[in-house]
Amino acid sequence: EAFVAFRRDGVIVIDGIFAHERIAELLGHLHRKYPSYFGSGKPDDFFKVGNRRFTAPIPFAPPFDCADLITHPVLTKLLSGLLADTFVFEAFGVISSLPGAADQHIRRDGGLLFAEAGVDRFIPPSAVTIVVPLVEMNEVNGTTAFWPGSHRAGTPEDSAPFSAPKIPVGSLAI
């Protein structure tokens, strides 16, 4: 079902695959190691991704060596089916939305491979974004809007219907 949904919609959310205790542990490490991610400061190597919103790399090293998450059997099976068994992780980081952050504009997480030829909407994915929320993604903490099918149809108009699901701690979105 997940493969069919992803190919159709370009997004899937799977609830409850990670232990809440493990996610809380990672959030605690983030608070201790990078307190500026939660206040008015920003890390040295951040990228602005919106109003009061930034992304920053996290070293894949203790306490953030999350092999238990990225090798989870459900995730491994999904990525192997979507990208082939030789998939690689290209980046590992955090997105922080500070209180009062405005909604982001409609955008893709990556570019098109063959923009001139116009075949990207017909070929299998070459990359995916994996989201493991450390806090529930909701109307209070913020969430991500998805335009189901836009990976095939192109960038939607501002007025196009979208989905902004609550994504609980312990869940996964691709």
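The values are calculated or read from the model by the stated rules, or taken from the named source; none is laboratory data. Remember, predicted model here, so these are calculated numbers, not experimental data. Because the Cβ atoms are built from the backbone with ideal geometry, glycine has one as well, and the counts that use them run over all protein chains shown. Surface accessibility is based on the protein's heavy atoms, side chains included, excluding ligands, DNA and RNA. Shrake-Rupley method; radii C 1.70, N 1.55, O 1.52, S 1.80 Å.
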ask   = Is the shape of the stretch 29-128 rounded, prolate or oblate, going by the alpha carbon gyration tensor and its root eigenvalues a ≥ b ≥ c, with a/c under 1.5 for rounded and a/b larger than b/c for prolate?
value = oblate
query = Counting only heavy atoms of protein chains, what accessible area per residue, in Å², does the chain have with a probe of 1.4 Å?
reply = 62 Å²
query = Amide H neighbours of Gly93 under 5 Å, counting only residues 5+ apart in sequence or on other chains, H built in-plane at 1.01 Å?
reply = Ile58
request  = Using θ = phi - 60° and the Karplus relation 6.51 cos²θ - 1.76 cosθ + 1.60, list the HN-Hα couplings for the stretch 127-138 in order, rounded to whole Hz, with x at every Gly or Pro.
outcome  = 7, 9, 9, 10, 10, 10, x, 8, 9, 4, 8, 7
inquiry  = Is the C-alpha gyration tensor of the stretch 1-71 telling us rounded, prolate or oblate? Criteria: a/c under 1.5 is rounded; beyond that, a/b larger than b/c is prolate, otherwise oblate.
reply    = oblate
note = Other residues with Cβ under 11 Å from the Cβ of Pro148 give, with Lys and Arg +1 and Asp and Glu -1, a net charge of +1
inquiry  = On a full-extension model of 0.36 nm per residue, what is the gain between Ala101 and Val4, subtracting their alpha-carbon distance, rounded to one decimal in nm?
reply    = 31.6 nm
query = When the accessible area of the chain is computed with all protein chains present and a 1.4 Å probe, what percentage of it is carbon and sulfur?
reply = 57 percent
remark   = Dividing the mean separation of Cα pairs under 8 Å (6+ apart) by the residue count of the stretch 22-156 yields a relative contact order in percent of 25 percent
request  = Have a look at Val119, Val128, Val13 and tell me which one the Gaussian network model of the chain (Cα, springs below 10 Å) gives the largest fluctuation.
outcome  = Val119
note = Those GluC sites (Glu not before Pro) from the stretch 1-91 that are DSSP loop and have at most 12 other Cβ neighbours within 10 Å turn out to be Glu1, Glu90
